[in-house]
Amino acid sequence: MFQPPYRGRFAPSPTGPLHFGSLVAAVGSYLDARTQGGSWLVRMEDVDTPRNVPGAADDILRTLDAFGFAWDGPVLYQSTRFEAYAAALEKLRQDGLVYGCACSRKEIADSATRPAIDGGLAYPGTCRHGLAAGREARAWRLRVNDDEIAFDDRVQGRVGQHLETDVGDFVLRRADGLFAYQLAVTVDDDFQQISQVVRGADLLASTPRQIWLQRCLGFATPGYAHLPVAANAAGEKLSKQTLARALATDSAAAELIRALAFLGQPVPADLAWAPVAEVWAWAMTQWVFNAIPRCPAIIVPQA
Ligand code: GLU
């Protein structure tokens with residue numbers, strides 16, 4: 001069977017500085033790629049422009065560099081890709097797969113009957129068969145069906161969803177005119193010929209939507225590995241919202257060791273005082289993918 005060359009990626013959103021949770025995703029995707037002789041790309045997911053924090057993209061790249069990551073090729077910025085997203089949306093529209101939706105949040109809240117799998121409400125399909133007289137499209141949604149979309153995640157095992165029940169027709173272009181994450185990530189993973197997606201398990205529930213989009217657009221489906229995410233004692237994913245602290249570059253080696261231990265790697269005690277290059281040298285030769293804990297979240301003490 002044809003095996004495409006390994007191409008992995010790390011795709012941070014520049015909504016703030018890197019924190020321990022994002023470091024875990026970077027370390028996991030980097031080691032999976034490099035230990036298999038693969039390429040590793042960095043993509044700046046700045047598609048949701050109101051959430052971008054000025055200076056955060058450069059800060060993330062400086063931090064990755066200080067932590068000893070080396071990426072292949074130029075960084076791809078999603079803010080430069082709007083034409084590609086528009087072309088994909090237009091293709092789907094011509095194929096009759098997307099439709100304009102006039103529903104406000106409140107209307108959806110009032111008419112939805114089911115929760116969506118990752119929070120919020122499953123879209124009840126109100127505008128599916130055309131807009132009511134006098135209504136105007138605000139957003140563009142992709143039609144889904146109720147076939148099971150399943151994949152074998154390399155960490156979390158088999159995952160399946162019925163999109164119609166679990167999510168509903170989902171938004172590709174938002175009411176504010178911006179392209180949705182699901183469209184941007186799918187178009188760019190294909191554009192960059194990503195063969196293995198290694199990222200946090202907070203995105204596990206998004207993957208069937210991305211696989212459905214790949215099928216609608218005629219793209220190949222990459223392999224997936226969803227790493228456990230770092231959570232606080234309340235069970236919330238470490239993020240800017242939960243005020244995870246920024247990574248300090250002067251303790252890069254210690255943070256790397258913490259990320260490796262989080263990913264189940266048996267880091268030897270005598271590595272604790274080693275410089276960054278030595279931690280990477282150990283990790284590149286000793287990385288055991290199968291040691292990654294097979295659970296979606298792990299609680300870490302917050303410093
Ligand atoms: N930009 C997303 C995030 O920072 C990650 C997207 C992905 O890896 O697919 O959460």
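The values are calculated or read from the model by the stated rules, or taken from the named source; none is laboratory data. Keep in mind that what you see is a predicted model, and the values were worked out from it rather than measured. Virtual Cβ from ideal backbone geometry, glycine too; neighbours counted across all protein chains shown. What goes into the accessible areas is simple: the full protein's heavy atoms, side chains included, and nothing from ligands, DNA or RNA. Shrake-Rupley method; radii C 1.70, N 1.55, O 1.52, S 1.80 Å.
Structure notes:
- Phi-based couplings in Hz for the range 228-233 (Karplus 6.51, -1.76, 1.60; Gly and Pro marked x): x, 9, 7, 10, 8, 4
- Coarse-grained scattering of the range 176-268 at q = 0.17 Å⁻¹, given as base-10 log I(q)/I(0) from a Debye sum over alpha-carbon atoms: -0.94
- Once the Cα-Cα distance is subtracted from the 0.36 nm per residue extended length, the Glu107 to Ala291 segment shows a gain of 61.6 nm.
- Loop-resident sites, the range 87-139, for trypsin sites (Lys or Arg not before Pro), counting at most 16 other Cβ within 10 Å (DSSP): Arg128, Arg135
- Among the GluC sites (Glu not before Pro) in the range 96-184, those placed in a DSSP loop whose Cβ has at most 11 other Cβ atoms within 10 Å are Glu136.
- For trypsin sites (Lys or Arg not before Pro), the sites in the range 174-255 that DSSP calls loop and that have at most 12 other Cβ atoms within 10 Å are Arg245.
- nm² value of the averaged projected area, convex hull over the Cα atoms of the range 35-80: 3.9
- Considering all different alpha carbon pairs of the range 1-48, the Kirkwood hydrodynamic radius works out to 11.8 Å.
- Over the chain: helical MRE at 222 nm, DSSP H runs n ≥ 4 each giving -39500 (n - 2.57), nearest 500: -9000 deg cm²/dmol
- Residues whose amide H comes within less than 5 Å of that of Tyr77, counting only those at least five positions distant or on another chain, are Met44 (H built at 1.01 Å from N in the peptide plane).
- Residues Phe289, Phe69 ordered from highest to lowest accessible area at a 1.4 Å probe: Phe289, Phe69.
- In degrees, nearest ten, helix 56-66 long axis to first principal axis of the chain (Cα): 30
- Measuring between their Cα centroids, the range 171-232 and the range 42-96 lie 13 Å from each other.
- Helix 82-94 vs. the chain, principal-axis angle (Cα, 0 to 90°, nearest 10): 40
- With all protein chains modelled, accessible area of Tyr181 [1.4 Å, Å²]: 70
- Rounded Å value of the spacing that divides the Cα centres of the range 101-130 and the range 242-275: 43
- The fraction of accessible area contributed by carbon and sulfur in the chain is 55 percent, rounded to a whole number (1.4 Å probe; ligands and nucleic acids excluded).
- One quarter of the surface of the convex hull around the alpha-carbon atoms of the range 214-290 equals 8.2 nm², the direction-averaged projected area.
- More than 19 Å apart - percent of Cα-Cα pairs taken over the range 1-133: 66
- A straight chain from Ala116 to Asp72 at 0.36 nm per residue would run longer than the Cα-Cα distance by 12.1 nm.
- Helix axis angle, 181-191 relative to the chain longest principal axis, alpha carbon, degrees: 70
- When the alpha carbon gyration tensor of the chain is reduced to an equivalent ellipsoid, the three semi-axes, largest first, read 36, 20, 19 Å.
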